[in-house]
Amino acid sequence: MYQTWWKVLAVLLVLTTVIAGFLIQVPRLPIVHETIRNTFFHVPMWMAMFIVFIISVVYSIKYLRSADPKHDLIAVECVNVGVFFFILGLITGMIWARNTWGEYWSNDPKQNSAAIAFLLYCAYLVLRNAIDEEQKRARISAIYNIFAFPVMIVLIMVLPRMTDSLHPGNGGNPAFSKITDNNVRMILYVGFIAWSLMAVWIATLRYRIRLIEYKQNSLD
């Protein structure tokens, strides 16, 4: 039971976020109107992405210290799940942009930086597939992953704040935390926990599958 309680919690919190995200009263703000509800999904998915990317970096460091293939498997599966949530974050952001800015992609600095960061992690996956030797692949991928994470942070969190942007929190536009009420904040924080737990759960499942495949290949 102790191994499943957090999974049950993840499901319950995700359901709570989805239901409340569509039903609770939200501030009546100009321009965004009802699209403010997208924040209950878009922002928590980015948070889930950050969490699994952080875990992947931790295990990449562990691999370089231990050369344990299990650490490499955890790192790569966390990146796989992180890329999945990255895609969800981009899609939900584009949907919001269409309804508030008038188009899915307006070459906003935040959008362009996010796209570059996404390609950065796609390159990580391509790199792994380009190297056949197992230990060399794991070692080079670990080093790449460790450096890719801070670059991604700079691209998403730092550079867009140094120029004008339509995105909340940039270029003089107020951040979401300053224009919402406590009820919306509460659901948003629940969403952070819910989608982060879900991302970790998915990564755990993928790691177990990859570990079984690794053991089978070792026996062949």
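The values are calculated or read from the model by the stated rules, or taken from the named source; none is laboratory data. Just so we're clear, the structure is a prediction, and the values are computed from it rather than from any experiment. Note: ideal-geometry Cβ built from the backbone for every residue, glycine included; neighbour counts use all protein chains shown. Note: areas computed on protein heavy atoms with side chains; ligands, DNA, RNA excluded. Shrake-Rupley method; radii C 1.70, N 1.55, O 1.52, S 1.80 Å.
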Inset, instruction - Out of the residues in segment 116-145 that are charged (D, E, K, R) and assigned to a helix (DSSP H, G or I), state the one that is least open to solvent (accessible area, probe 1.4 Å). - result: ARG128
Inset, instruction - Pick out the one residue from VAL79, VAL43 that is within 30 Å of LYS215 (Cβ to Cβ) and under 16 Å from the mean Cα position of the chain (by Cα). - result: VAL79
Inset, instruction - Provide a single number: the residues in segment 197-220 that are open to solvent by less than 80 Å² (accessible area, probe 1.4 Å) and either touching a residue at least 60 places away in the same chain (Cβ under 8 Å) or of a type in the set (Val, Ile, Thr) (or both). - result: 12
Inset, instruction - Just need a number here: residues in segment 90-115 that are acidic (Asp, Glu) and either open to solvent by 70 Å² or more (accessible area, probe 1.4 Å) or in a helix (DSSP H, G or I) (or both). - result: 1
Inset, instruction - Considering each of ILE87, ILE51, ILE24 in turn, give the residue that is surrounded by 19 or more Cβ atoms within 10 Å (Cβ to Cβ), in contact (Cβ under 8 Å) with a residue 24 or more places away in the chain and not small (Gly, Ala, Ser). - result: ILE51
Inset, instruction - Looking at (1) within 17 Å of VAL43 (Cα to Cα); (2) open to solvent by less than 40 Å² (accessible area, probe 1.4 Å), find the lone condition where ALA75 falls short. - result: (1)
Legend entry - segment 73-107, residues that are at pLDDT below 95, under 27 Å from THR204 (Cα atoms) and not hydrophobic (A, V, I, L, M, F, W, C): GLY89, THR92, GLY93
